[in-house]
Amino acid sequence: MTKRAVWFRRDLRLQDNTALAKALEHTKDGDELLLFFHIHPALNESFTARHDYFFQTLASFVEKAEDAGAPVHFITGDTEDAFENLIETAGIDMVYFNRDETGFGYERDKQVEKYVTSLDVDVYHYLDHHIHGADEVKKQDGGFYKVFTPYLKKWKQLPKPAVQKVDDELLKKAAVDERASFKEGESAYADLLEKIEADFGGVGEADAWARLEQFLDADIYDYDERRDFPAVDGTSLMSRYLRTGAISVRSVYHQIHDQVDFRKKTEGVETYISELAWRDFYNMIYHFYPNAHDEEVVEKYQGIPWNNDEDVLERWKEGRTGFPIIDAAMRQLNESGWMHNRLRMAVASFLTKDLLMDWRKGERYFQEKLVDYDPASNIGGWQWAASTGTDPVPYFRVFNPTRQSERFDPHGRFIKEWLPELRDVPKKYIHEPAKMPENEQEKAKCMIGEDYPEPLVDHKRMRERAIQLFKDKS
């Protein structure tokens, strides 16, 4: 008899889970299977909105696994101690998991593989979080791409991995329940659930599939036209599910090809598929530039003398800049744990180009607040907006927050949803309320400087300063 353990991390689902499918594929009559999750002590050190959402997703997964007859076990403590306890207590012969390719997870996985192997336990790990891994999409010379357009062309040419079938009956038959031997882990899990403060909608595998089906029914066909308008439901809203692994990106890709009618307009479909490729692209960049979390990818832009005014940073964080579309976006983030993608670009450009603040400060704030926070995509997006990353927006192309507002929220519906103090402001002034005459301010019950702030900066002047800042480093 062989006893296998499957380690779940950010792949919180039973369907189309590579490590689980492979463990079951290797299972023979009489073999046993133990599902587990490791609670690292660091998880108790800081708890943010994304932790709230992640552990709600974990709780949903634990319940689903229980219903499937395959209970999840919890181990806790420093990595090596926790794994040694698991292996010795449960008599584990093999450990399976879906590996990370970047950041903390990448280093942790290497540590676990080395240590567990030293205990004479076999380790099997698989690519699961992306359609194509960091070293799969290569140029003819074997190097990796630094520009997205040729990367996308090559990405589309490669055969796509199949959905991994999980044998539900075998899972139920092989799964063991030894939770009584891991009471410390159970207690640590209960403590984590007690810390959850925010209650987010849209959690877990069932919700992920429901949202995907809704998106593929109609919205995907107009995705290219509607995705930039924050007042409409024009995006897939799948990012949080992909980040927690409540659904597999393979399943998303294949469902598109199975469910979408390609006889209809396909521009929206192709645009959405390119977004899946962007996930892979940024994962690849972070894999090959592991220092991108802390330093600019473009070396000549390292050491830019950013503004360090913390009061300015706080006004950006709180949505009190005097630029309505920026403030509405930041309040959406603070209240919901999510921000529309068009607005992520706008607020990042505003912080780095209008306020001349260090992109790392914005990236860290998103890390704290976003429920769909993905290090590779977030770092890539911030370095793109700051013009310091690979294939970035040119430094002289500075988003005008007022023009962005007029173009993508023309009637101010999104602004008024998140900035109640501007709800009675006429459309004529909604994008620049500071231009309202005093009598209009009185009518709208919105006195500039009291109910809503004056613009924090002059965009035209700050644009010129930002361009000069980059010219000086070029």
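The values are calculated or read from the model by the stated rules, or taken from the named source; none is laboratory data. All values derive from a computational prediction rather than experimental measurement. Glycine also receives a Cβ, built like all others from the backbone with ideal geometry; neighbour counts cover every protein chain displayed.
Select from segment 228-278 the residues that are of a type in the set (Gly, Ala, Ser), under 20 Å from the mean Cα position of the chain (by Cα) and in a helix (DSSP H, G or I) and write down the one among them that is farthest from residue 137 (Cα to Cα). The selected residue is 239. The residue of segment 393-420 that is farthest from residue 339 (Cα to Cα), among those that are of a type in the set (S, T, N, Q) and assigned to a helix (DSSP H, G or I), is 402. Evaluate the following for residue 120: is it at positive phi and acidic (Asp, Glu)? Yes. Filtering segment 192-227 to residues that are in a loop (DSSP other than H, G, I, E, B), buried (at least 20 other Cβ atoms within 10 Å of the Cβ) and of a type in the set (A, V, I, L, M, F, W, C) leaves only 203. For segment 370-378, state whether one or more residues are buried (at least 20 other Cβ atoms within 10 Å of the Cβ), of a type in the set (Gly, Ala, Ser) and more than 29 Å from residue 57 (Cα to Cα). No, that holds for no residue. Test residue 351 against the stated conditions and say whether it is farther than 22 Å from residue 208 by Cβ, touching a strand residue (DSSP E or B) at 6+ places or on another chain (Cβ under 6 Å) and in the same structural domain as residue 309 (by TED's automatic domain parsing). Yes; evaluated as a whole, the condition is true for this residue.
Of all residues in segment 381-404, those that are on the phi > 0 side of the Ramachandran plot have Cβ atoms under 8 Å from Cβ atoms of residues that are outside any loop (DSSP other than H, G, I, E, B), 6 or more apart or on another chain, in 387/301; 387/352; 387/470; 391/148; 391/384. Restricting segment 160-190 to residues that are assigned to a loop (DSSP other than H, G, I, E, B) and over 28 Å from the mean Cα position of the chain (by Cα), the residue that is farthest from residue 91 (Cα to Cα) is 167.
Checked across segment 141-149, the condition of being of a type outside the set (A, V, I, L, M), in a loop (DSSP other than H, G, I, E, B), outside the structural domain of residue 42 (by TED's automatic domain parsing) and surrounded by 14 or more Cβ atoms within 10 Å (Cβ to Cβ) holds for at least one residue. Taking the criterion of being in a strand (DSSP E or B) and among the charged types (D, E, K, R), the residues of segment 1-32 that qualify are 3, 4, 32. In this structure, is residue 444 at pLDDT 95 or above, within 27 Å of residue 465 (Cβ to Cβ), more than 28 Å from the chain's Cα centre (by Cα) and not polar (S, T, N, Q)? Spelling it out, it is not the case that residue 444 is at pLDDT 95 or above, within 27 Å of residue 465 (Cβ to Cβ), more than 28 Å from the chain's Cα centre (by Cα) and not polar (S, T, N, Q). Listed by first and then second residue, the pairs linking a residue in segment 58-69 that is surrounded by fewer than 17 Cβ atoms within 10 Å (Cβ to Cβ) and at pLDDT 95 or above to a residue that is part of a helix (DSSP H, G or I) and not acidic (Asp, Glu), with Cβ atoms under 8 Å apart and 6 or more places separating them unless they lie on different chains, are 68/171; 68/172; 69/171; 69/172.
For first residues located in segment 244-270 and farther than 29 Å from residue 56 by Cβ, partners that are among the basic types (Lys, Arg) and lie 6+ apart or on another chain with Cβ distances below 6 Å do not occur. For segment 33-77, a residue qualifies if it is in a strand (DSSP E or B) and over 24 Å from the mean Cα position of the chain (by Cα), and the qualifying residues are 33, 34, 35, 72, 73, 74, 75, 76.
You will find that of 190, 210, the residue that is in the same structural domain as residue 234 (by TED's automatic domain parsing), over 23 Å from residue 380 (Cβ atoms) and free of Cβ contacts under 8 Å to residues at least 12 places away in the same chain is 210 and no other.
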